[in-house]
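Below is one structure; the comments refer to it alone.
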Amino acid sequence: MRHHLQDTWSQYALDHHCMNSDMNLSNLTSILTGPKSDLAGVAFTPQVADLGCSECSLLHRLKFLDFIEELVGVDIDEDVLKLKGYILTPLPIHYLEPLERALTVTLYQGSVSEKDPALLGFDLITCIELIEHLEADILEKFQNVLFGFMAPRAVVISTPNVEFNVLLSEKTGFRHPDHKFEWDRKEFQNWAMNISRQYNYTAEFSGVGEAESEDKDVGYCSQIAIFRKNYTESVESMNIKKNYRSVYKRILHVVYPSIQEEKYLRKVVLNIALSHANRMKSNFLHNLFPEDDEEEATSSADNKKEPLSLWLSSLQTSAEMKENIVKPLFLEGDAIHVPLENLLAVPKLKELCGSLDVLQNMMTREIHLSSDGSAIVYPLHVEDELDSDLNDT
């Protein structure tokens with residue numbers, strides 16, 4: 001997980017600004033993946049916001065990290081957010097394979113110099129190549145909004161290092177026509193340290209885009225400050241802030257399908273349960289009617305076609321099958337009964353359901369169960385239909 005966040009951040013910085021970059025962001029990684037005790041007893045629900053998110057590139061990378069549960073982007077340009085926001089919406093695969101954790105993504109149009117309670121209580125707020133686009137008076141308001149009002153647990157700010165510009169031969173002035181300033185390392189660090197003292201944060205410094213060995217003295221292409229909050233805000237203070245009027249305009253709000261919602265959890269449980277139950281049933285039939293199975297295998301070879309039940313049974317070894325058989329399958333009348341206890345022995349189903357009652361409740365109304373609800377019933381004379389049931393599910 002640590003490497004994934006470091007790689008994500010490094011690649012974003014490469015795409016956004018620098019060439020031949022090398023980045024060490026172990027400090028940043030620990031902000032999101034450190035021990036829960038760092039949060040002074042507060043439940044650890046990683047929330048990350050990106051101010052000046054522009055085309056949402058960083059948010060798009062972060063949404064793939066499985067420990068992040070809320071992503072928020074803020075930018076002044078509504079048109080860009082509407083144009084690029086689609087990259088943050090769920091894909092069809094997310095409905096077929098729901099996430100294990102809940103993930104909410106929201107985009108707001110608004111100024112980073114305005115206070116809005118939507119950004120309160122975040123674990124991490126990032127400002128990548130943002131501050132150099134702000135006029136001096138807006139920058140002063142911004143730092144008060146970010147560190148005084150939003151007051152996240154951690155902040156990451158990056159900005160161009162003007163000392164590095166001598167290595168950018170095509171640049172004769174600022175790197176971008178909209179830049180209001182570009183600081184050297186001393187200026188940036190002085191600014192960051194003043195903020196730390198004023199708002200009770202600790203600052204560390206890093207960078208991205210390392211120069212060649214003979215030019216090391218110019219520092220990084222982009223310099224980075226990582227701020228960590230040194231205090232826990234009072235409930236009274238937070239409640240006052242929550243009463244501020246909302247000024248941001250919401251452009252996008254999506255909730256990814258996840259097994260935290262019962263309808264998606266039920267679907268995942270059914271898919272896993274039927275897959276295992278069908279393999280158990282096929283193995284049972286193989287042992288019960290071995291001669292029929294041999295004929296079916298011969299016929300399959302002739303037709304270059306293999307029944308789904310045989311293909312599924314090949315996915316699990318006999319040792320794995322025995323491990324899951326807690327209670328033997330049995331014939332009753334013209335039907336095979338697969339006890340639910342066997343399915344609960346499947347580690348993933350045990351993790352998702354926890355108890356036999358929950359598993360039974362998930363399958364009721366969806367699958368043909370025995371009268372006492374203790375087993376899946378497969379009519380022996382319609383085995384072909386059983387394969388199609390699995391496909392349908």
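The values are calculated or read from the model by the stated rules, or taken from the named source; none is laboratory data. Not measured: the values here are computed from a predicted model. Cβ atoms come from the backbone with ideal geometry, glycine included; neighbour counts cover every protein chain shown. In case anyone asks, the SASA skips ligands and DNA or RNA and just uses the protein heavy atoms, side chains included. Shrake-Rupley method; radii C 1.70, N 1.55, O 1.52, S 1.80 Å.
Details
- Residue match in region 183-193 (condition: modelled with pLDDT of 95 or more and among the polar types (S, T, N, Q)): yes
- When Ala118, Ala154 are checked against the criterion of being surrounded by 15 or more Cβ atoms within 10 Å (Cβ to Cβ) and more than 26 Å from Gly209 (Cα to Cα), a single residue qualifies: Ala118.
- Qualifying position, being open to solvent by less than 80 Å² (accessible area, probe 1.4 Å) and more than 17 Å from Leu134 (Cα to Cα), among Val162, Val218, Val166: Val218
- Selection within region 33-79 - more than 18 Å from Val156 (Cα to Cα), open to solvent by 60 Å² or more (accessible area, probe 1.4 Å), assigned to a helix (DSSP H, G or I) and modelled with pLDDT of 80 or more: Asp79
- Hits in region 311-332 (condition: at pLDDT 85 or above and assigned to a loop (DSSP other than H, G, I, E, B)): Lys327, Pro328, Leu329
- Selection of region 276-289 for residues being open to solvent by 50 Å² or more (accessible area, probe 1.4 Å) and touching a residue at least 40 places away in the same chain (Cβ under 8 Å) yields only Leu288.
- When region 237-275 is filtered for residues that are farther than 25 Å from Leu88 by Cβ, in contact (Cβ under 8 Å) with a residue 40 or more places away in the chain, among the polar types (S, T, N, Q) and open to solvent by less than 70 Å² (accessible area, probe 1.4 Å), the ones remaining, listed by number, are Asn271, Ser275.
- Residue match in region 362-369 (condition: loosely packed, with under 14 Cβ neighbours inside 10 Å and at pLDDT 90 or above): yes
- Condition check for Arg101: modelled with pLDDT under 90, under 21 Å from Gln260 (Cα atoms) and surrounded by 14 or more Cβ atoms within 10 Å (Cβ to Cβ): yes
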